1. Determine the pairs where a residue that is touching a residue at least 12 places away in the same chain (Cβ under 8 Å) and assigned to a helix (DSSP H, G or I), located within segment 79-102, has a partner that is among the hydrophobic types (A, V, I, L, M, F, W, C) and within 14 Å of the ligand (Cβ to nearest atom) with Cβ atoms under 9 Å apart, the partner being 6 or more residues away or on another chain.
2. Please indicate, with yes or no, whether at least one residue in segment 58-68 is outside any helix (DSSP H, G or I), at pLDDT 95 or above and either open to solvent by 50 Å² or more (accessible area, probe 1.4 Å) or of a type in the set (Lys, Arg) (or both).
3. Can you tell me which of Leu178, Leu146, Leu153, Leu171 is modelled with pLDDT of 95 or more and open to solvent by 100 Å² or more (accessible area, probe 1.4 Å)?
4. Answer yes or no as to whether Val89 is under 23 Å from Leu45 (Cα atoms), within 16 Å of the chain's Cα centre (by Cα), open to solvent by less than 20 Å² (accessible area, probe 1.4 Å) and more than 14 Å from the ligand (Cβ to nearest atom).
Amino acid sequence: MLWKIVRRTNHLARFETATQAEPLGLGHAVLQARERIGDEPFAVLLPDDIFDSERPCIGQLLEVAVREEAPVVALMRVPRSEIPKYGIVEVEPLRDRVYRLSGMVEKPPIEQAPSDFAIMGRYVLTPDIFRLLAEGKRGAGGEIQLTDALLGLSRQRNMYGCEFEAVRYDLGDRVGFLTAQIGYGLKRPELADRLRAGSRR
Ligand code: G1P
């Protein structure tokens, strides 16, 4: 029963909410969770980015974070034309799919991008990020950007990027939203045949 799957999530964790009273940026949104998180590492999952994979994307990042005892962001190569939509990182290859981050910039013009590696919406972070976020410096779009705080942190400690293995859907984009419906629909045996037949009619 589908409702059992939905209800199960309620028992996996204790959910609390923090509200961002004004839309001042992703960095500001993350800062709202400071009191609840306290002095522990934590994960950030942006719900408009979803990942279809055998091993959850955040789990892939966690493996690197535990091994390196450091913050880790999810990385994916993007076509040059999409660079201005994302936080773009400068990387030094470390080992298979793992990179050390040597710089990053939020939504750069194509010609100023340090690479084609974009940050996707999964992060394992450490509480020292809050101090930088609390400075409240405005960045791209006049917003308090998580990427800017991460850049500050990368000057103080090692940080890493994990090129995850997953199909990623961008729900913030209309075509991405539709593609996700179709992608997940095709994976369900009871839906796949009807979905394929429907598209031929
Ligand atoms: C946010 C981050 C950006 C990241 C993106 C991933 O941007 O600021 O660095 O690359 O999520 O989806 P937004 O999509 O909120 O504009």
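The values are calculated or read from the model by the stated rules, or taken from the named source; none is laboratory data. All figures in this text were calculated on a predicted structure; none of them were measured in a lab. Virtual Cβ from ideal backbone geometry, glycine too; neighbours counted across all protein chains shown. In case anyone asks, the SASA skips ligands and DNA or RNA and just uses the protein heavy atoms, side chains included. Shrake-Rupley method; radii C 1.70, N 1.55, O 1.52, S 1.80 Å.
1. Taking only residues 6 or more apart or on different chains, the pairs are Arg80/Ala113; Glu82/Ala118; Ile83/Ala113; Ile83/Ala118; Pro84/Ala113; Lys85/Val78; Lys85/Ala118.
2. Going through segment 58-68, the residues outside any helix (DSSP H, G or I) turn out to be none.
Scanning segment 58-68, I find no residue that is outside any helix (DSSP H, G or I), at pLDDT 95 or above and either open to solvent by 50 Å² or more (accessible area, probe 1.4 Å) or of a type in the set (Lys, Arg) (or both), so the answer is no.
3. On the way: Leu146 fails: open to solvent by 100 Å² or more (accessible area, probe 1.4 Å); Leu153 fails: open to solvent by 100 Å² or more (accessible area, probe 1.4 Å); Leu171 fails: open to solvent by 100 Å² or more (accessible area, probe 1.4 Å).
Going through Leu178, Leu146, Leu153, Leu171 in turn, just one is modelled with pLDDT of 95 or more and open to solvent by 100 Å² or more (accessible area, probe 1.4 Å): Leu178.
4. Values: under 23 Å from Leu45 (Cα atoms): yes; within 16 Å of the chain's Cα centre (by Cα): yes; open to solvent by less than 20 Å² (accessible area, probe 1.4 Å): yes; more than 14 Å from the ligand (Cβ to nearest atom): no.
Criteria not met by Val89.
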